[in-house]
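Down below is the structure, laid out as structure tokens.
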Amino acid sequence: MALNSFFNWFTGLFGKKKKIRLGIYGSPNVGKTTLANRISKDWTGEEMGKVSEIPHETRTVQKKEKIEISLSRKKIVLNLLDMPGISTKIDYRSFLKFGMSKREARQRAKEATEGVIEAIKWLNNVDTVLAVMDASEDPLTQVNITLLGNLEARNIPVILVANKIDKKNASPKSIKEAFPQYPFVEISALTGKNMKELYEAIASYSRKGK
Amino acid sequence: MKLKLDFVSSTTLEDKPRDKRINFILSHVKDGTILVMDGVMHPEEEMELIKETMRRVDEGFPGIEVASLKKPSKGFGAIAEKLSDSKSGFIKSITGKMPKTTLKTGLTLIGPAKYIKKIKKNPESFSVLAGI
């Protein structure tokens with residue numbers, strides 16, 4: 001990773017400034033949209049998408065282009081991509097308990113399956129990924145393992161983001177221990193805690209777009 | 001009602017190209033069978049499996065649960081694995097088709113999400129709670 005950072009610094013000195021297509025990936029309800037909103041609001045003053053406690057609120061890829069991030073020693077430009085949550089199962093019945101009608105729940109489930117497919121397809125078009133996990137949940141899920149395996153196989157730089165550290169039962173350490181080989185930042189997208197560290201990590205580990 | 005478990009050898013699966021393998025898995029799981037496979041799919045193939053599962057989700061089939069245990073590759077084994085992955089990617093880029101690929105050493109369980117209630121995974125084991 002040190003070599004990667006050096007390469008980014010070196011190309012940054014002489015190369016044309018390029019945008020980083022930064023994909024925010026993870027299971028549903030880990031706080032991807034809250035994080036996308038936090039990044040977008042910090043640097044553009046505008047939010048990106050609607051946050052909800054109902055899973056699969058984000059069912060199409062949400063994009064925010066040309067987000068300029070100024071850090072003490074460098075500037076980066078992001079095209080931010082908030083992805084639908086990746087899941088191996090979507091049962092329309094799980095939406096009924098949130099007060100939806102059967103028709104609405106079926107429609108939401110249909111759109112959610114399409115969203116998962118879209119998010120997977122986008123893996124071919126991202127330069128760097130923030131793999132977001134809920135620090136209060138067990139990180140050893142097959143979705144997390146498959147996602148990280150895919151990013152590794154495609155040589156896409158990834159930063160592990162342990163989100164929701166504001167929760168009482170949060171254990172970001174368990175994420176770090178489960179996947180020790182990746183750059184790691186623990187944050188609360190809700191309160192904004194450690195966002196500076198996340199921006200520094202994005203600047204250090206990202207691969208520039210083609 | 002009874003729960004059916006099928007144990008599948010790696011030879012059965014390795015004889016098929018990836019798309020046929022995914023079809024084989026999903027047709028069994030959609031029928032209510034829990035498959036225990038001798039081997040672990042490549043992560044890209046597993047992502048394809050998730051994608052194809054989403055295309056087949058309906059009211060009677062809300063999806064799948066998957067758990068796998070992979071034997072870690074070290075030294076020459078890890079290099080051979082990387083070379084094999086690169087070869088597969090190259091063939092796919094030329095022909096547009098998924099080549100036949102060997103499974104990695106390990107164990108995979110794939111079952112219908114409506115019967116598998118919970119999977120608790122540890123780095124070297126997993127336990128499954130299933131019921132009808």
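The values are calculated or read from the model by the stated rules, or taken from the named source; none is laboratory data. Bear in mind that the values here come from a model prediction, so they are computed numbers and not experimental data. Cβ atoms come from the backbone with ideal geometry, glycine included; neighbour counts cover every protein chain shown. Heavy atoms of the whole protein, side chains included, go into the accessibility calculation; ligands, DNA and RNA do not. Shrake-Rupley method; radii C 1.70, N 1.55, O 1.52, S 1.80 Å.
Of the residues in region B:53-67, at least one is outside any loop (DSSP other than H, G, I, E, B), touching a residue at least 40 places away in the same chain (Cβ under 8 Å) and over 11 Å from the mean Cα position of the chain (by Cα). Among all residues of region A:85-97, there is none that is in contact (Cβ under 8 Å) with a residue 40 or more places away in the chain, under 21 Å from B:Glu124 (Cβ atoms) and either crowded, with 17+ Cβ neighbours inside 10 Å or within 12 Å of chain B (Cβ to nearest Cβ) (or both).
Annotation for region A:110-121: at least one member residue is touching a strand residue (DSSP E or B) at 6+ places or on another chain (Cβ under 8 Å), at pLDDT 95 or above and at the interface with chain B (Cβ under 10 Å from one of its Cβ atoms). Do the conditions hold for A:Lys102, that is, is it under 17 Å from the mean Cα position of the chain (by Cα), open to solvent by 10 Å² or more (accessible area, probe 1.4 Å) and free of Cβ contacts under 8 Å to residues at least 12 places away in the same chain? Spelling it out, it is not the case that A:Lys102 is under 17 Å from the mean Cα position of the chain (by Cα), open to solvent by 10 Å² or more (accessible area, probe 1.4 Å) and free of Cβ contacts under 8 Å to residues at least 12 places away in the same chain.
Applying the criterion of being assigned to a loop (DSSP other than H, G, I, E, B) and of a type in the set (Ser, Thr, Tyr) to the residues of region A:65-104, the residue that is farthest from A:Ala131 (Cα to Cα) is A:Ser101.
Within region B:28-55, the residues that satisfy the criterion of being open to solvent by 50 Å² or more (accessible area, probe 1.4 Å) and more than 9 Å from chain A (Cβ to nearest Cβ) are B:His28, B:Lys30, B:Asp31, B:Asp38. Consider region A:143-164 and keep the residues that are without any contact (Cβ under 8 Å) to a residue 24 or more places away in the chain and either under 22 Å from A:Asn194 (Cα atoms) or aliphatic (A, V, I, L, M) (or both). The one that is nearest to the other protein chains (Cβ to nearest Cβ) is A:Ala153.
Residue count for region A:122-133 under the criterion of being within 15 Å of the chain's Cα centre (by Cα) and surrounded by fewer than 19 Cβ atoms within 10 Å (Cβ to Cβ): the result is 2.
Does region A:159-177 hold any residues that are under 21 Å from A:Val143 (Cβ atoms), in contact with a strand residue (DSSP E or B) (Cβ under 9 Å, 6 or more places away or on another chain) and open to solvent by 10 Å² or more (accessible area, probe 1.4 Å), and which are they? Within region A:159-177, A:Lys164, A:Ile165, A:Lys167, A:Ala170, A:Ser171, A:Pro172, A:Lys173, A:Ser174, A:Lys176 qualify. Selection of first residues in region A:23-49 that are modelled with pLDDT under 95 and of a type in the set (A, V, I, L, M) and of second residues that are surrounded by fewer than 19 Cβ atoms within 10 Å (Cβ to Cβ) and in a helix (DSSP H, G or I), restricted to Cβ pairs under 9 Å at least 6 apart or on distinct chains, gives the following pairs, ordered by first then second residue: A:Met48/A:Lys41.
For region A:36-64, a tally of residues being assigned to a loop (DSSP other than H, G, I, E, B), surrounded by fewer than 20 Cβ atoms within 10 Å (Cβ to Cβ) and of a type in the set (A, V, I, L, M, F, W, C) returns 3.
From the list B:Gly89, B:Gly111, the one residue that fits, being more than 17 Å from the chain's Cα centre (by Cα) and either modelled with pLDDT under 85 or under 22 Å from B:Glu44 (Cβ atoms) (or both), is B:Gly89.
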